[in-house]
1. Within segment 5-17, is even one residue of a type outside the set (D, E, K, R), buried (at least 18 other Cβ atoms within 10 Å of the Cβ) and modelled with pLDDT of 90 or more?
2. Test of understanding: among Val108, Val74, which residue is within 13 Å of the chain's Cα centre (by Cα) and farther than 18 Å from Ile162 by Cα?
3. Is it the case that some residue within segment 56-65 is assigned to a helix (DSSP H, G or I), touching a residue at least 60 places away in the same chain (Cβ under 8 Å) and surrounded by fewer than 17 Cβ atoms within 10 Å (Cβ to Cβ)?
4. Just checking, which of Phe40, Phe77 is of a type in the set (Phe, Trp, Tyr) and touching a residue at least 24 places away in the same chain (Cβ under 8 Å)?
5. Going by the conditions given, is Leu41 among the hydrophobic types (A, V, I, L, M, F, W, C) and loosely packed, with under 15 Cβ neighbours inside 10 Å?
6. Given the criterion assigned to a helix (DSSP H, G or I), under 19 Å from Ile72 (Cα atoms) and in contact (Cβ under 8 Å) with a residue 24 or more places away in the chain, identify the matching residue among Ala118, Ala100, Ala106.
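The values are calculated or read from the model by the stated rules, or taken from the named source; none is laboratory data. The structure presented is a predicted model; accordingly, all values stated were derived computationally and were not measured. Virtual Cβ from ideal backbone geometry, glycine too; neighbours counted across all protein chains shown.
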Amino acid sequence: MKNQAMYLTDLSSRYLYKAGGFTALLFLIYSFATILILVFLKGGYPETAQECFNMLEEDKFAALLRLDIISIIVIPFYYLLFFSLYQSLKTGYELIAQIALFCTLAGVTIFISDVNLASIVIINDKYQQATTPEIKQQLLAACEGMLASDMWINTGAIIRGILIETGAVIFSILMLKTTIFNKTTGWIGLLTHGFDLSSIVIGLFYQPIKEAFIMIAGPLYMVWFVLIGVRLFRLGKENS
């Protein structure tokens with residue numbers, strides 16, 4: 001019975017590590033896709049409700065990309081990635097790993113709760129069907145409120161970012177203290193999420209620093225996803 005339980009545990013860990021590896025690959029693709037969208041699509045996130053409604057009417061697919069639908073689809077997979085990191089790093093540091101996991105999962109949950117893309121699309125449909133200027137003005141005002149509370153700039157975004165990056169920094173420190181991941185992965189993770197965390201905190205007071213730190217962290221994320229993904233795939237094989 002004990003051997004069977006150990007086998008099932010090893011089997012579930014193997015599947016979890018492989019799933020985490022595929023998730024890291026997904027985030028790598030997502031990073032490149034985000035760059036391509038910024039380069040090839042005219043404009044970024046809409047600044048006004050009228051601009052938002054106009055772009056949804058002209059090209060709904062391109063508009064959804066500008067409204068960051070890819071992030072809405074991909075970011076929840078952080079649940080899987082960080083849980084696989086927790087599973088690999090918890091031995092000997094379970095309490096610290098649990099704190100890191102709580103921070104990251106809480107941050108992702110806040111992200112999901114802040115998503116209002118579906119509401120914007122519904123309001124846009126009502127706007128296109130509206131027959132009086134008064135109703136259109138009301139719908140424009142409703143959309144303006146949603147854009148002002150966008151998932152990337154509201155208070156929830158700040159709290160979410162601090163939680164996710166704090167958890168990721170803790171996981172990176174655990175990588176440096178254990179032998180599960182190599183030191184390069186730990187240091188890259190510490191730099192990546194350290195810069196991102198600093199951009200959020202310092203950016204509250206000085207915007208140019210935020211932009212500079214984001215530019216540094218961006219390329220580091222891609223390196224980090226590669227290192228994490230490769231190691232998780234190997235852990236999946238080692239547990240087979």
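1. Yes, the conditions are met somewhere in segment 5-17.
2. Values: Val108 fails: farther than 18 Å from Ile162 by Cα.
Result: Val74 is the single residue among Val108, Val74 that is within 13 Å of the chain's Cα centre (by Cα) and farther than 18 Å from Ile162 by Cα.
3. Yes, that holds for at least one residue.
4. Of the residues listed, the single one that is of a type in the set (Phe, Trp, Tyr) and touching a residue at least 24 places away in the same chain (Cβ under 8 Å) is Phe77.
5. Taking the combined requirement at face value, the residue satisfies it.
6. Selected residue: Ala106, the only one of Ala118, Ala100, Ala106 that is assigned to a helix (DSSP H, G or I), under 19 Å from Ile72 (Cα atoms) and in contact (Cβ under 8 Å) with a residue 24 or more places away in the chain.
Here's the yes/no breakdown for (1) over 21 Å from the mean Cα position of the chain (by Cα); (2) among the polar types (S, T, N, Q); (3) under 25 Å from Tyr15 (Cβ atoms); (4) surrounded by fewer than 15 Cβ atoms within 10 Å (Cβ to Cβ):
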site	(1), (2), (3), (4)
Tyr79	no, no, yes, no
Leu85	no, no, yes, no
Lys90	yes, no, yes, no
Glu94	yes, no, yes, yes
Ala130	yes, no, no, no
Gln137	yes, yes, no, yes
Ile162	no, no, no, no
Gly167	no, no, yes, no
Thr184	yes, yes, no, yes
